[in-house]
Amino acid sequence: MSTEFQEYLKYLEDALPAWSSRDDVSAITKLGTARTFANWDSASKGPGGLRFGKKVMYEKTTVIKWVKKHLNLSEEASHDA
(Lines give C-alpha, C1' and ligand atoms only; values in the text may rest on other atoms or scores of the structure.)
Protein backbone atom coordinates (compact mmCIF):
# COMPACT_ATOMS: atom_id res chain seq x y z
CA MET A 1 0.00 0.00 0.00
CA SER A 2 1.50 3.32 -1.07
CA THR A 3 2.24 6.13 1.35
CA GLU A 4 -0.22 8.38 -0.49
CA PHE A 5 -2.97 5.78 -0.09
CA GLN A 6 -2.18 5.44 3.63
CA GLU A 7 -2.30 9.24 4.01
CA TYR A 8 -5.62 9.35 2.16
CA LEU A 9 -7.08 6.67 4.48
CA LYS A 10 -5.83 8.64 7.51
CA TYR A 11 -7.47 11.76 6.06
CA LEU A 12 -10.77 9.85 5.70
CA GLU A 13 -10.47 8.49 9.23
CA ASP A 14 -10.10 12.06 10.54
CA ALA A 15 -12.57 13.80 8.21
CA LEU A 16 -15.54 11.45 8.17
CA PRO A 17 -18.03 11.66 11.04
CA ALA A 18 -19.58 8.44 12.41
CA TRP A 19 -22.43 8.79 9.89
CA SER A 20 -22.35 10.83 6.66
CA SER A 21 -24.83 11.75 3.94
CA ARG A 22 -24.13 11.05 0.27
CA ASP A 23 -23.28 14.72 -0.21
CA ASP A 24 -20.78 14.59 2.65
CA VAL A 25 -19.17 11.33 1.51
CA SER A 26 -18.91 12.72 -2.00
CA ALA A 27 -17.27 15.94 -0.80
CA ILE A 28 -14.88 14.22 1.61
CA THR A 29 -13.79 11.26 -0.53
CA LYS A 30 -13.76 13.20 -3.83
CA LEU A 31 -14.47 9.91 -5.64
CA GLY A 32 -17.69 11.00 -7.31
CA THR A 33 -20.79 13.14 -6.93
CA ALA A 34 -23.71 12.27 -4.68
CA ARG A 35 -25.51 11.10 -7.85
CA THR A 36 -22.56 8.82 -8.67
CA PHE A 37 -22.79 7.26 -5.21
CA ALA A 38 -26.54 6.77 -5.72
CA ASN A 39 -25.87 5.05 -9.05
CA TRP A 40 -23.16 2.85 -7.50
CA ASP A 41 -25.52 1.91 -4.67
CA SER A 42 -28.30 1.03 -7.07
CA ALA A 43 -25.88 -1.22 -9.01
CA SER A 44 -24.65 -2.77 -5.71
CA LYS A 45 -21.20 -1.28 -6.32
CA GLY A 46 -21.28 1.51 -3.75
CA PRO A 47 -20.49 1.53 -0.05
CA GLY A 48 -24.10 0.73 0.81
CA GLY A 49 -25.96 3.01 3.10
CA LEU A 50 -29.02 3.09 5.28
CA ARG A 51 -32.05 5.16 4.41
CA PHE A 52 -33.25 7.58 7.08
CA GLY A 53 -36.39 9.15 5.64
CA LYS A 54 -35.31 10.65 2.31
CA LYS A 55 -31.59 10.67 3.18
CA VAL A 56 -29.11 7.86 2.68
CA MET A 57 -26.45 7.75 5.34
CA TYR A 58 -23.16 5.89 5.30
CA GLU A 59 -21.32 4.56 8.32
CA LYS A 60 -17.69 5.70 8.54
CA THR A 61 -16.19 2.19 8.79
CA THR A 62 -18.25 0.99 5.82
CA VAL A 63 -17.08 3.90 3.67
CA ILE A 64 -13.43 3.33 4.55
CA LYS A 65 -13.66 -0.42 3.81
CA TRP A 66 -15.38 0.36 0.49
CA VAL A 67 -12.73 2.95 -0.44
CA LYS A 68 -9.96 0.42 0.23
CA LYS A 69 -11.69 -2.14 -1.98
CA HIS A 70 -12.71 0.38 -4.66
CA LEU A 71 -9.26 1.95 -4.99
CA ASN A 72 -7.42 -1.38 -4.86
CA LEU A 73 -9.60 -2.67 -7.70
CA SER A 74 -8.86 0.51 -9.67
CA GLU A 75 -5.11 0.07 -9.12
CA GLU A 76 -5.25 -3.58 -10.20
CA ALA A 77 -7.20 -2.67 -13.34
CA SER A 78 -4.63 -0.02 -14.28
CA HIS A 79 -1.80 -2.53 -13.80
CA ASP A 80 -3.58 -5.04 -16.07
CA ALA A 81 -3.86 -2.53 -18.92
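The values are calculated or read from the model by the stated rules, or taken from the named source; none is laboratory data. Because the structure is a prediction, the values reported are computed rather than measured. Every residue, glycine as well, gets a Cβ built from its backbone with ideal geometry; the counts of neighbours run over all protein chains shown.
Things to note:
- Of all residues in region 18-30, those being surrounded by 12 or more Cβ atoms within 10 Å (Cβ to Cβ) and either closer than 15 Å to TRP66 by Cβ or touching an Asp or Glu at 6+ places or on another chain (Cβ under 8 Å) (or both) number 8.
The rows are residues; the columns are (1) closer than 14 Å to TYR8 by Cα; (2) among the hydroxyl-bearing types (Ser, Thr, Tyr).
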| site | (1), (2) |
| --- | --- |
| ASP23 | no, no |
| SER26 | no, yes |
| THR29 | yes, yes |
| ASP41 | no, no |
| PRO47 | no, no |
| ARG51 | no, no |
| LYS54 | no, no |
| GLU59 | no, no |
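- Looking at the chain, the strands (runs of 3 or more DSSP E) lying wholly inside it that each contain 1 or more residues that are modelled with pLDDT of 95 or more and in contact with a Gly (Cβ under 7 Å, 6 or more places away or on another chain) sit at 55-59.
- Residues in region 6-25 that are within 13 Å of MET57 (Cβ to Cβ) and either of a type in the set (Ser, Thr, Tyr) or touching a Pro at 6+ places or on another chain (Cβ under 8 Å) (or both): SER20, SER21, ASP24, VAL25.
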